[in-house]
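Student: Quick one: the structure is below, questions incoming.
The values are calculated or read from the model by the stated rules, or taken from the named source; none is laboratory data. Predicted model only: the values in this text are computed from it and were never measured. Note that each Cβ is placed from the backbone with ideal geometry, even for glycine, and that neighbours are counted across all protein chains shown. These accessible areas exclude ligands, DNA and RNA; they are computed on the full protein's heavy atoms, side chains included. Shrake-Rupley method; radii C 1.70, N 1.55, O 1.52, S 1.80 Å.
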Amino acid sequence: MKRILIALTSHAALGDTGQTTGNYLSDLTHSYFVFEQAGYPVDLASIQGGEPPVVEASIKLDDPYNKRFYERADIVAALRNTPRIADLRATDYQAIFFVGGHGTMWDFPRNGALLGLTSAIYEQGGVVSAVGHGSAALVNIRLEDGRFLVEGHEVTSVTNEEEQAEKTAHIVPFSLEDKLAERGGRFKKAHKMQTNVVSSGRLVTGQNPASAMGTAEAVVALLAVQNHGALQLGLRSFS
């Protein structure tokens, strides 16, 4: 069983506001434990390596998954010393999951190593997934034939309505909803902060933090089908 990679932003500045941002904690913790419980080895990695920033307001220890995450010394150690995305190999991974948080809007779409790694994982038959602002990783990923990965796929992310409600629409470098549609994605959205998970082939996206667990569960379901098919093929070849 290959590993699942959870990708994290290294960007900590919320535009020119003087405020900090980073990764939204529950996007990370909810997905991590879904993958782990399903039996998958999980790696954490970030754009720059080292300890990636976490949105301070998202560190809510009344969330049982957040609390459990910080009680696990092995996971905390992994978070504090993540490898760089650029140092990883696509062949080690069956799926990649992009955590949300406003920081992703600045470094995910512009990092060549991340774009290349994700394209390679997808081209080798892997699953690509993202939640919330993590879908910023998808806007510039192209496949071998030159098409954008999202072209023709149903997709979701933080919506314009949600960005406006957070009063960040004028701060982020682009509208994620508009950019995904511009790249050929068929954008599907629910009302703000409602759970919304969209599966389209081997692309799985969630709208917001409320969708993180469902997005991870959809990834696990896809991988279960893939791994069952591979097992059946292997058994037929053996016989």
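Student: Considering only residues that are open to solvent by less than 30 Å² (accessible area, probe 1.4 Å), within 21 Å of residue 13 (Cα to Cα) and touching an Asp or Glu at 6+ places or on another chain (Cβ under 9 Å), which ones fall in the range 77-97?
Tutor: Of the range 77-97, the ones open to solvent by less than 30 Å² (accessible area, probe 1.4 Å) are 79, 82, 85, 90, 93-97.
Applying the additional criterion that residues be within 21 Å of residue 13 (Cα to Cα) yields 79, 82, 85.
Matches in the range 77-97: 79, 82.
Student: While we're looking at this one, here's another question. On the basis of being in contact with a strand residue (DSSP E or B) (Cβ under 8 Å, 6 or more places away or on another chain) and within 20 Å of residue 218 (Cα to Cα), does residue 103 make the cut? Full working, then the answer.
Tutor: Details: in contact with a strand residue (DSSP E or B) (Cβ under 8 Å, 6 or more places away or on another chain): yes; within 20 Å of residue 218 (Cα to Cα): no.
Judged against the criteria, residue 103 is not a match.
Student: So, one more: Which condition number does residue 222 fail, the rest of (1) touching a Lys or Arg at 6+ places or on another chain (Cβ under 7 Å); (2) of a type in the set (A, V, I, L, M); (3) farther than 21 Å from residue 31 by Cα being met?
Tutor: Residue 222 satisfies all of (1) touching a Lys or Arg at 6+ places or on another chain (Cβ under 7 Å); (2) of a type in the set (A, V, I, L, M); (3) farther than 21 Å from residue 31 by Cα except (3).
Student: How many of the residues making up the range 9-39 are buried (at least 20 other Cβ atoms within 10 Å of the Cβ) and under 16 Å from the mean Cα position of the chain (by Cα)?
Tutor: Total satisfying the criteria: 16.
Student: Quick check on residue 44: is it under 24 Å from residue 156 (Cβ atoms), without any contact (Cβ under 8 Å) to a residue 60 or more places away in the chain and part of a helix (DSSP H, G or I)?
Tutor: On the way: under 24 Å from residue 156 (Cβ atoms): yes; without any contact (Cβ under 8 Å) to a residue 60 or more places away in the chain: yes; part of a helix (DSSP H, G or I): no.
Criteria not met by residue 44.
Student: Now, a different point. Scan the range 60-76 and give yes if some residue there is out of contact with any helix residue (DSSP H, G or I) (no Cβ under 7 Å at 6 or more places or on another chain), closer than 19 Å to residue 3 by Cβ and surrounded by fewer than 14 Cβ atoms within 10 Å (Cβ to Cβ), otherwise no.
Tutor: Yes, the range 60-76 contains a residue that is out of contact with any helix residue (DSSP H, G or I) (no Cβ under 7 Å at 6 or more places or on another chain), closer than 19 Å to residue 3 by Cβ and surrounded by fewer than 14 Cβ atoms within 10 Å (Cβ to Cβ).
Student: May I ask you to verify whether residue 57 is within 23 Å of residue 169 (Cβ to Cβ), hydrophobic (A, V, I, L, M, F, W, C), at pLDDT 95 or above and part of a helix (DSSP H, G or I)? Lay out the reasoning, then the answer.
Tutor: Values: within 23 Å of residue 169 (Cβ to Cβ): yes; hydrophobic (A, V, I, L, M, F, W, C): yes; at pLDDT 95 or above: yes; part of a helix (DSSP H, G or I): yes.
Yes.
Student: OK, next. Of the conditions (1) outside any loop (DSSP other than H, G, I, E, B); (2) modelled with pLDDT of 95 or more; (3) surrounded by fewer than 18 Cβ atoms within 10 Å (Cβ to Cβ), residue 222 clears all except one; give me its number.
Tutor: Single failed check for residue 222: (3).
Student: Another question, then. Report, by residue number, each residue of the range 72-94 that is part of a helix (DSSP H, G or I) and among the charged types (D, E, K, R).
Tutor: At the first step, the residues of the range 72-94 found to be part of a helix (DSSP H, G or I) are 73-80, 85-87, 90-92.
Correct list: 74, 80, 87, 92.
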